[in-house]
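The values are calculated or read from the model by the stated rules, or taken from the named source; none is laboratory data. As the structure is a computational prediction, the values presented were derived from the model and not from experiment. Positions of Cβ are backbone-derived with ideal geometry, glycine not excepted, and every protein chain shown enters the neighbour counts. Remember, those area values only see protein heavy atoms, side chains included, never the ligands or the DNA or RNA. Shrake-Rupley method; radii C 1.70, N 1.55, O 1.52, S 1.80 Å.
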Amino acid sequence: QLQLVESGGGLVQPGGSLRLSCTASGSSLDGYAIGWFRQAPGNEREVVSCISSGGGSTNYADSVKGRFTISRDSAKNTVDLQMTSLKPEDTGVYYCGADFACIASMFPDGMNYWGKGTVVTVSS
């Protein structure tokens, strides 16, 4: 049974950087596409980025393109999201989700496996 745990959230000033990690247990992440999602208070969960199972393909929401980078480390069984030039509108609970392909990330709740989330607050 695949379990996912997010870490790395916290308080950061606008323009700052933060690195989130999605760590898997119970199974290898190698066979899964991994997406990062976020949910601001009162809003629907939205996809931020997704990386294919092999790591050869990535995609990003237009709102974060050029600022965020997704990557995976098979040895650590993790998928990271490096966030730079953070804006207040990036604030929210960030979740990682796993499924067989990134097409599932088109849907806010489309992934089969989810972590519990980590809070990111961008504020001065």
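Couple of notes before you dig in:
- Share antiparallel - DSSP beta bridges, the chain, percent rounded to 5: 90
- In this calculation the C-beta distance from Thr121 to Ser7 is compared with R0 = 22 Å, giving a FRET efficiency of 0.90.
- Rg/Rh (Cα only; Kirkwood hydrodynamic radius) as it applies to the chain: 0.94
- J(HN,Hα) series, the range 29-44, from Karplus relation 6.51 cos²θ - 1.76 cosθ + 1.60, nearest Hz, glycine and proline x: 7, 4, x, 10, 7, 10, x, 9, 10, 9, 9, 7, x, x, 10, 7
- For the range 1-98, the solvent-accessible area with a 1.4 angstrom probe is 46 square angstrom per residue.
- Sulfur and carbon atoms: percent of accessible area, the chain [1.4 Å]: 50
- Phe107/Lys76 FRET efficiency (R0 25 Å; Cβ-Cβ; nearest 0.05): 0.35
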